[in-house]
Amino acid sequence: MNKSVLIIKGYSKTATELSNDEKIIQLHVDFFSSNAGGVFEPTTEIFYLSEPSLEDLKKTTSLNSKDYLIVVLVGHGAHKDGSQIFQLQKDVFISPGQIQFSCPKQLHIIESCRNKIDFDLDIKRINKLILKYKYGGWVKRPLTKQESLEKFNQAIESSNDGIAYLFACDIDETAYNYYFLQLMVDVAIYAHEYFRDNIYYSSEIFDTTKKNVINATKGIQNPLKMGTGDFPFVITII
């Protein structure tokens, strides 16, 4: 399975914001490279661009050859005439829809339109992937790295072609304090640790994340899903 993750960090206005952006990005690198998140190889399958230029984006055309691609955008945004706007650099804005590839299967996760925060995030790394083995008196064996990889790749191969966009919030809303990206990983890790012998897809993880974000923000942030693609997102243990 020829797959990759492309993570793009947009413009960070302050040193604190830069630090928080990098923490949330590292959280996702840890997740996607873990047994739970598809065992993407960090050095060859996960690509990271920080405040890239338009020329930098043009150089990602090699990703067109992938069978499956996850694109994660982290940064400031807005909307104009109903279209999402993403801030790449201080004076460079694009539409996330411009970041498009010819891969048959694509999942786009967009954390933007967020409010400014002036405190350091306490983001827990994926040490939560330390597995719990005893459940109801039964000892459960975690999947090996190779077993997880094979299971994830098989699930991608059996998925229908398509594109899905997962937005942190709806039009005219603010994405608060990275809730969406943090909760996506939290929900996925919970499924990985507490459920057995299953694969949970992006739509399932998104639906649960959406409920949690709405609860956390008392209804003022409502994540939005668009597109028809639905792809494996988390592998549980046996």
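The values are calculated or read from the model by the stated rules, or taken from the named source; none is laboratory data. Computed from a predicted model, the values in this text were never measured in an experiment. Every residue, glycine among them, receives a Cβ derived from its backbone with ideal geometry; neighbour counts consider all protein chains shown. For the accessible areas, the whole protein counts, side chains as well, though only heavy atoms, and no ligand, DNA or RNA atoms are used. Shrake-Rupley method; radii C 1.70, N 1.55, O 1.52, S 1.80 Å.
Residues that are of a type in the set (Val, Ile, Thr) and at pLDDT below 95 do not occur anywhere in segment 25-39. State yes or no: is Ile220 surrounded by fewer than 16 Cβ atoms within 10 Å (Cβ to Cβ), over 15 Å from the mean Cα position of the chain (by Cα) and part of a helix (DSSP H, G or I)? It is false that Ile220 is surrounded by fewer than 16 Cβ atoms within 10 Å (Cβ to Cβ), over 15 Å from the mean Cα position of the chain (by Cα) and part of a helix (DSSP H, G or I).
Only a single criterion out of (1) small (Gly, Ala, Ser); (2) farther than 22 Å from Ser34 by Cβ; (3) crowded, with 19+ Cβ neighbours inside 10 Å is not satisfied by Ser202, namely (2).
Go through segment 170-226 and give me each residue that's touching a helix residue (DSSP H, G or I) at 6+ places or on another chain (Cβ under 7 Å) and basic (Lys, Arg). Of everything in segment 170-226, just one residue is touching a helix residue (DSSP H, G or I) at 6+ places or on another chain (Cβ under 7 Å) and basic (Lys, Arg), namely Lys225.
Checking the conditions here, which among Tyr178, Tyr200, Tyr190 is in contact (Cβ under 8 Å) with a residue 12 or more places away in the chain and within 30 Å of Leu18 (Cβ to Cβ)? Break it down stepwise before answering.
Values: Tyr200 fails: within 30 Å of Leu18 (Cβ to Cβ); Tyr190 fails: in contact (Cβ under 8 Å) with a residue 12 or more places away in the chain.
One residue alone meets the criteria, Tyr178.
The number of residues in segment 188-199 that are buried (at least 20 other Cβ atoms within 10 Å of the Cβ) and either aromatic (Phe, Trp, Tyr) or within 12 Å of the chain's Cα centre (by Cα) (or both) comes to 1. Counting residues in segment 151-169 that are out of contact with any helix residue (DSSP H, G or I) (no Cβ under 9 Å at 6 or more places or on another chain), over 28 Å from Gly10 (Cα atoms) and of a type in the set (Lys, Arg) gives one or more. Residue check: is Asn212 open to solvent by 10 Å² or more (accessible area, probe 1.4 Å), closer than 22 Å to Asn20 by Cα, at pLDDT below 90 and out of contact with any Gly (no Cβ under 6 Å at 6 or more places or on another chain)? The answer is no for Asn212.
This table checks each residue for (1) of a type outside the set (Gly, Ala, Ser); (2) closer than 26 Å to Pro223 by Cα.
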{"site": "Gly37", "(1), (2)": "no, yes"}
{"site": "Glu41", "(1), (2)": "yes, no"}
{"site": "Tyr68", "(1), (2)": "yes, yes"}
{"site": "Val74", "(1), (2)": "yes, yes"}
{"site": "Asp91", "(1), (2)": "yes, no"}
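Scanning segment 146-171 for residues that are of a type in the set (Asp, Glu) and within 16 Å of Gly227 (Cβ to Cβ), we see that the one that is least open to solvent (accessible area, probe 1.4 Å) is Asp170.
Just so you know, in segment 41-67 the residues that are among the hydroxyl-bearing types (Ser, Thr, Tyr) and closer than 13 Å to Ile7 by Cβ include one that is least open to solvent (accessible area, probe 1.4 Å), and it is Thr60.
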